[in-house]
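Here is the structure we will look at.
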Amino acid sequence: MCGIFGYAGRRHDAAKVILEGLKRLEYRGYDSWGVAVLTLGKIASVKKVGAIGEVVELGLPKSSVGIGHTRWATHGGVTLKNAHPHTSTHNNFVVAQNGIVENFQTLKSRLFNKGFKFQTETDTEVIVRLIEEKLKKIKDFREAVRAAFLELDGRNTIIVLDEFGKIIACRNGSPLIIGTNSEGELLFSSDTLSFANLATKMIVVENGQMVESDGSAIGLFGIKSGRREKVSWEKVDVKSHKVGKEGFDHFMIKEIFEIPQVVDQVANQDKKALMDLSRFVIRSKNVYTIGSGTTGIAAAQIAYFLRHFAKVNAISLVGADAYECYDLFQKGDLMIAPSQSGETADVLEVIEIAKKRGVKIASNVNMPGSMMTKLSDFKFMTGAGPEVSVVSTKVFVAHIAWGYLLAKTIRGKYGEGMGNIKNLSKAIKKYLDDAKNIKSVRDLAKLLMEEDDIYLLGKAQNFQIIREGMVKLIETSYKHAHAMPAGDLKHYAITLMEKGVVVIVAVSADSVRADVLNSVSQVKARGAYVVGISSLVSREFDYFLKVGDLEEVSSIMNVVPLQLLAYYLALGLGHNVDRPRNIAKSVTVK
């Protein structure tokens, strides 16, 4: 959530550079945005509510330095007043923040009692007033910012621009990347993707570090110590091509159609690295998988594959609710974390605690240069390319396909697993290339447009898949969806089954097929309208979405029609497909 972008260099169109950078950060989710630049010792800014859209001109003066921000509201409503950057009382500096100041009420009360005035409802304004307070005693601007930052509780990253063209940025939790190129331009951002078209080298700023720029060079400092630290640049390894829809109406549908290539990338994983991780899994005392939201479901599906195929007792955790396991973590354990951004705050917190207790970390991350990758002992890159839609599709598939291949490798069946992954890629491409399949899903979306409740059933390999289908439907259609284990139906949810209720069921040609169809018979007997996702037709299905029979990886195939259904439902309902209301792709605060 939220995005930070800053520029310092030789150009005189800093506002334009920053605007383009913010557009590349849109996928993170936001509801307002703003840009501030410095010209002739004066700071000028523009703030807007809503999407950046096709904005190309901000009306700001020529400048060679500035900062920008995309805000996802946490403290205070979505208003121009609350949008970042926030300006100091005398307009001598501006601040943008990514994170949450957990002690802002305490700080605000103290500052208010000292006579400081507040104009907004945000926690960010507290940072502005804190810096003003420090400047009364500390004349060095960097030291004043550092002193203020040390008083903040929570995971925060801030970027500050002053009246002399100095940019200072501090990190504690939320991501901060610095880029540069042969022209000496400096770029400050929440991720590498936003400046990959401009930068050739980068620094991933660590927690507890701050950066100071005078417009031509940077200094790196420890926030606690204030001492200068070594600057080590590394190559930018993200493709610099412009991120576009390439003829598709939305990023979500484009990214669904990219799934076959993404699965091929899984097949290109470093075999030696996979073997090394496999050997460690076998030696581990306990194996945990962890994630939040869609990646939490991916983690649970990876745990299923590890249990079913590798015969490893894997335990899946949800990032925000793993506290009861903290005392159980021990040396010799392994934690596996799939992630799109590698910056999810509640997952990082668990990883940091686990590492302190001697747990080894393996990650599969789509965004290069992330904190999660840096914390990992076994580092794997998803290689799915930029996923711009807030609604994750191709990265979810990549994560669970990787988890399947890992499980097969642990069992000594790498070749068989690789063959199944390659067949999966071909099968998904064949499915997506068939216009009849797409039409069938679109027609189903039209049928479900007026439904308020949608239930989903699955078992074994398909249980986490229908949970992911539930998440996709909720994210895009804003409808109530409820996923449940097929066998648990009779214990509670059977009371909700009545004439016309929609039940979507994923059924594979596996050992639990008969059990699942038995549950389907129970909902049919009570008048439910059943949508079957399967390779085999059944008389119990009122509507049939046919998919290929892929045996061990059938569950991965089954998620694709569910993603398509979520897309076409959102489209038909007139919702913002790529940026659903109230959610962000990268949740960097708890």
Sequence-distant aspartates and glutamates (8 or more away, or on other chains) whose Cα lies within less than 16 Å of Lys271: Glu416
Correct option for Cα extents along the principal axes in Å [calculated from the coordinates] among [x] 77, 52, 46; [y] 103, 65, 54; [z] 102, 78, 60: [x]
Sequence-separation-based contact order of the range 149-302, relative, with Cα cut under 8 Å and 6+ spacing, percent: 15
Partner lysines for Lys436 [C-alpha distance under 24 Å; skip if fewer than 8 residues away on the same chain]: Lys245, Lys254, Lys394, Lys422, Lys426, Lys446, Lys472, Lys546
Highest to lowest packing among 273-283, 382-392, 475-485, 122-132, scored as the average C-beta count within 10 Å: 122-132, 382-392, 475-485, 273-283
Furthest towards positive pole of dipole, Leu186, Phe141, Asn197, structure part the range 122-201, Cβ charges: Phe141
Tail fraction, Cα-Cα pairs, the range 130-237, threshold 21 Å, whole percent: 32
Largest to smallest accessible area among Thr106, Thr393 [probe 1.4 Å]: Thr106, Thr393
By average C-beta atoms within 10 angstrom, highest first, the peptides 334-344, 5-15, 71-81: 334-344, 5-15, 71-81
For the range 376-526: span of alpha carbons on each principal axis (Å, largest first): 49, 34, 34
Greater than 19 Å apart at Cα, pairs in Lys439/Lys459; Lys272/Lys408; Lys139/Lys166: Lys439/Lys459
FRET efficiency, Arg110 to Leu80 (Cβ-Cβ, R0 22 Å, nearest 0.05): 0.20
Percent of Cα-Cα distances greater than 25 Å, calculated over the range 26-183: 27
Percent carbon-and-sulfur accessible area, the chain, ignoring ligands, DNA and RNA, probe 1.4 Å: 50
Out-of-range pairs (alpha-carbon distance over 27 Å; input Lys108/Lys230; Lys224/Lys355; Lys230/Lys355): Lys108/Lys230
As computed over the range 253-305, the Cα convex hull volume per residue (Å³): 97
Size of the range 333-455 as Cα extents on the principal axes (Å, biggest first): 52, 38, 28
Cβ-placed point charges (K, R +1; D, E -1), dipole of the chain about Cα centre in debye, nearest 20: 920
Helix axis angle, 294-308 relative to the chain longest principal axis, alpha carbon, degrees: 50
Table column - 3J(HN,Hα) (Hz), the range 335-352, Karplus curve with 6.51, -1.76, 1.60, x for Gly and Pro: 10, 10, 10, x, 7, 6, 8, x, 10, 5, 4, 5, 6, 4, 4, 5, 4, 4
Per residue solvent-accessible surface (Å²) - the chain, probe of 1.4 Å: 39
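The values are calculated or read from the model by the stated rules, or taken from the named source; none is laboratory data. Please read all numbers here as calculations on a predicted model, not as lab measurements. Methodologically, a virtual Cβ is constructed for each residue, glycine included, from the backbone with ideal geometry; neighbour enumeration extends over all protein chains shown. These accessible areas exclude ligands, DNA and RNA; they are computed on the full protein's heavy atoms, side chains included. Shrake-Rupley method; radii C 1.70, N 1.55, O 1.52, S 1.80 Å.
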